[in-house]
Each structure stands twice: as structure tokens, then as C-alpha cells.
Amino acid sequence: MNAREFLEGEKKLGFGCLRLPHATDNPSDVDVPLMERMVDEFLAAGFRYFDTAYSYLNYKSELFVKQTLISRYPRDSYILTTKLPCLELKEGSDPSVYFDEQLQKCGVDFFDFYLLHSLNASVYQLAKKLGCFEELRRRRAQGQARFVGFSFHDTAETLDLILTEQPDIDAVQIQLNYLDWENPVIQSKACLEVCRKHGKPVIVMEPVKGGSLANVPKAAQEQMEASRPDASPAAWALRFAASQPGVAMVLSGMGDLDQIRQNAALMKNFEPLSADEFQLLQRCANLVRASVAVPCTGCAYCADVCPQRLPIPRYFALYNEHKRDGWQANAKKRYWELAQTHSLASSCAGCRQCEAKCPQHLTIADFMAQVSAQFDPAPANAGGQSAKLG
């Protein structure tokens, strides 16, 4: 049985474990009891696919998956995917060390899917040099990885090269949503076509683009409601991704029980987009694109390497809110409150280490300067106090 046949019998909704419900302001402080309930409802609704990675949630996601899923359910009741942290690899790195550690952290004997994480042109060359693809094949042959593949953030041309040189890869995970469908950087449509050309089933990440497509401009939402009054913007985004030929699974980073229930209801009896609905979303994409100042998905890979420990995605989210909704004193106030325990946006040193980690290829330092220009002057109710640094 190949990966496509394996996934054909599954409902197309996967539980993405990058953005889990958190109990405090710290995203890696996961609300375990709530996550257990979410896992229970997800499985009870007939969905089985869980996606995590070595580096998610400050290296804790795999542990939370073990605690809330693996330790509580039989191994044959779920499908488990994790990823080798390719962005951490250096000359001399041994990929087998990560694999063995991940087996132990998850408490399993095998992974259903094991992926190289976040390949692009340069990471691919290093992965080849370090024998990562040979490691995938070895683990697959030993039965420790049922299927192998990679997640990808680069051009369709680079993807075609990788799949040409690595023809026995089982599956590919790509970013795909209606906003990035024709995006010249993300190239969702073109990357999907490359996967189909090589006969590889596609696992979709970022179908709601880090949640940004769940909160669209009023003009876009009105068009959606006129077509389907009961469908949320997030539901439209999920249907778009799941409707594309070649897509075998769509991941959603669900943060509460309502999202589990809504997504499960939508995908349990999935209805593909019509041609008219596809065109509607292309019009909505133009409206969304015009309203977003920084196309950040909130993955926080940038924050993990920032020397100033800036909460970059959270600053970008506040900046987008401010720009989208006009003058929002609340957004500025929340920025100032956040800056009390972090550095100001102006403390960005412009080192651009973060930009090498960004799957969206954003010029983060330039955007941080815009955030600083917008927010750094103290609001009137701050009493003239300066935000703490560090």
C-alpha cells in the first residue's frame, strides 16, 4: 500500500499541533486538560491524523502529543506525523540522533509519516550532504517510518528538482490556501501541480494562513455570506484547500473545542467547491491581500532565533489589526502592555537572522521598523512611562 492509498480511506482533516490551546500568555504552556478533550472529540468524530514536529512549541509539542494522545489511545487508533528539524542541521549533524530522540519523546515504535522539515533550495543541499534521505529510506525499510517525505517552502522549480532527484519519496507537505494560490513567492498552485506531476499525495499546511483567513475584511465576508450564509470564512478556506485535486490531507491548527466541532462538521461530509465558489474566493483573495500589512502566519520560527527575544508574530498581528480596522487604540494599548515584558519593536537590531527561518520569506527587519514607527511612542494612558527592555 502506498501513501495515497493509505490516506484515501481517511477524512481529509488533520490536527496540526503547532498552535495548541495554551493556559497562559505563553504559547508553549499548553492547556493539557483542554487538549485532551479536543483530542477525544477529534477521534470520536472519525478523524485520526495528527501532525507535530521536533521544534514546535519550543520543542514541547511532541511531548504534549504523547501526553494527550499517545499515552491514552491504542497505537492503531491514530496516524502520527513528525518532522526532522532540518533548519537546525549543521555540518556534521547526524539525522539518526534526532529520529531516535523523537521515538523516545513520543513513546512510539514507529511514525506513520516522517518528514524532513521545511526544505528549501539551500536546506535541501545540506540534507543531501548529511544523508537525510538515506536515513529516511533506512527507517522506512526497518518499519520505523511507514511513509517518508518532506515539508516544503520554496519555488515550484526547486520542488521539481527535489522530486526528480528523490523519486521514491512518499508524500509532500506544502502551504496551500486561496490567498497564496497565485502568490509569486509561496506558489501554492504551481507547487501543487509539481506534486501531481510526480504522483505525490499532498498534505496541506496553512489552509487558513495562520488564522488570518478566519478574520477577513467585511467586504469579503459579505460575499461569502451571500453565497453560503452559514459558512464561516475559515470553512471557506478549508474547503478551498481540500477541493484541490491531489490533496490527501488538510491540517488545521485548532485551538479550542468550537474549532474542533466546526471543522469536524464541515469535513465529515465534505462538499468540494463549485467553479463559481472558486471564483468568489479569488475575488475575496484580492480584498484580503489589500487589507494585510504583514502576511505573517504566526509560526514563530523567527522569534525562536531573535537575539532580542522579540515576540515578532504577536507584534505583527497587532500591527495588522491596527492597519485592517483603522485607528484602533486597543491594538496600540495591547502592544504597549506586551512591550512591558519584552523589548520594544525598535530594539530590533536588523541582524536578519530571523529572515532565514521565515517560511513566508518576509523581510522581517523592515516590517519591524514599520511596527516601531506605528506603536513605539507611548500612548496617552501610559503616563509617559517607557516600556521595559529585555
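The values are calculated or read from the model by the stated rules, or taken from the named source; none is laboratory data. What you see is a predicted model; the values in this text were computed from it and never measured. Positions of Cβ are backbone-derived with ideal geometry, glycine not excepted, and every protein chain shown enters the neighbour counts. Note: areas computed on protein heavy atoms with side chains; ligands, DNA, RNA excluded. Shrake-Rupley method; radii C 1.70, N 1.55, O 1.52, S 1.80 Å.
Quick notes
- 1.4 Å probe accessible area per residue over segment 58-149, in Å²: 41 Å²
- Relative contact order (%) - criterion: Cα under 8 Å, at least six apart; region: the chain: 14 percent
- Mean shadow area of segment 1-72 over all directions, Cα convex hull, nm²: 5.3 nm²
- Share of carbon and sulfur in the accessible area of the chain stands at 50%, probe radius 1.4 Å.
- Using the rule -39500 (n - 2.57) for each DSSP H run of four or more residues, divided by the residues of the chain, the 222 nm mean residue ellipticity is -13000 deg cm²/dmol.
- Relative contact order computed over segment 1-155 (Cα-Cα under 8 Å; 6+ residues apart), in percent: 19 percent
- Unit charges on C-beta of K, R, D, E only; dipole of the chain, Debye: 320 debye
- Lysines whose Cα lies under 23 Å from that of Lys209, excluding same-chain neighbours fewer than 8 positions away: Lys11, Lys12, Lys60, Lys83, Lys189, Lys200, Lys218, Lys268, Lys323, Lys357
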